[in-house]
1. Once you have the Cα-Cα distance between R62 and L50, take 0.36 nm times their residue separation minus that, and quote the gain in nm to one decimal.
2. Comparing K102, K221, K114, which has the greatest mean-square fluctuation in the GNM of the chain with Cα pairs linked when under 10 Å apart?
3. Taking the chain as a Gaussian network, Cα atoms linked when under 10 Å apart, which of L143, L50, L222 shows the biggest mean-square fluctuation?
4. Using each residue's phi in region 38-52, evaluate 6.51 cos²θ - 1.76 cosθ + 1.60 at θ = phi - 60° and report the 3J(HN,Hα) Karplus result to the nearest Hz, with x for Gly and Pro.
5. Cα centroid distance between region 72-106 and region 149-216, in Å?
6. Could you run the Karplus curve 6.51 cos²θ - 1.76 cosθ + 1.60 with θ = phi - 60° over region 203-208 and give me ³J(HN,Hα) per residue in whole Hz, x for Gly and Pro?
7. Could you give each residue of region 181-191 its phi-based ³J(HN,Hα) in whole Hz, using Karplus coefficients 6.51, -1.76, 1.60 with θ = phi - 60°, and x for Gly or Pro?
8. With the cut-off at 30 Å, tell me which of the pairs K117/K200; K82/K119; K165/K226; K25/K165; K119/K165 have Cα atoms farther apart than that.
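Just so it is clear, none of the values below were taken in a lab; they were calculated from the coordinates. Computed from a predicted model, the values in this text were never measured in an experiment.
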Amino acid sequence: MPYKDKEKQREAQRKWEKENRGAGKRHKVWMFIFYPDTAEVGWRDECDELGLPFLVSPLHDRDVWTAADERRNPDHIEGEVKVAHHHGLVEYPQPVGYDTVKEDFAFLHTHSIKYAKSKASMALYLTHEKCSDKVQYDWRDVLEFGGANWHDWCNELEDLHAMMKEMRQYIIANNVSEFYEFQLWCDENNDMWSRALDLKCAWAIGNFIERRRNAIQQAAKLDYEKRRDNSDETIV
């Protein structure tokens, strides 16, 4: 049952997260934080040797605490810069528990180990790609291990629907009438959309553009014929 008090609702959500995203639960995709100053020397080589598909964020050295952070913990003063840190995102071949993740990445001295509800959303969070209120980091600084690919993880099916909705909104707003023009624009201006078109949704978006163009042309034709018929009636 939803809470009328929003703060109580948020507290209930935090309690659920704590109970369901930590020890005792088994999942395939996990995330955590670690600090470069406390990680073991040569941690990148360790990541390579681990062999798991694994992403490490650019160094988050410009993040600041928010008012919400301060409400949860008075020591996290709004506006102060956080300690420089990395976010890690790993995918196991089968579900594992908290202890497995902690043991596998002990060389990083990880903190805040949690399972990821959305691999795609967390991959985007590594650079704050969809967080306009946060500092933006360069995706080219994402580290990839064990065959993980940041672009592919960002384009996972679970987030593809939202991405396609954004494409359709852009197509309508900019009156795009040819698929090849849209694809070339994506190649130059939006790499994630470009990769999504190449790998998963070219037919659906191409079909949308074609059907929209046909509908517009048909509406224009009917409007022309209606105006022509009205004109003929006036002359008679």
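1. Details: separation 12, 0.36 × 12 = 4.32 nm, distance 2.92 nm.
Extending this stretch completely gives an extra 1.4 nm.
2. K221
3. Highest fluctuation of the listed residues: L222.
4. Once θ is set to phi - 60°, the couplings for region 38-52 become 10, 5, 5, 4, x, 5, 5, 5, 4, 4, 4, 5, 4, x, 8 Hz.
5. That distance is 33 Å.
6. 4, 5, 6, x, 5, 4
7. Result, rounded to whole Hz: 5, 5, 5, 5, 4, 4, 4, 8, 10, 8, 5.
8. Listed pairs above 30 Å: K165/K226; K25/K165.
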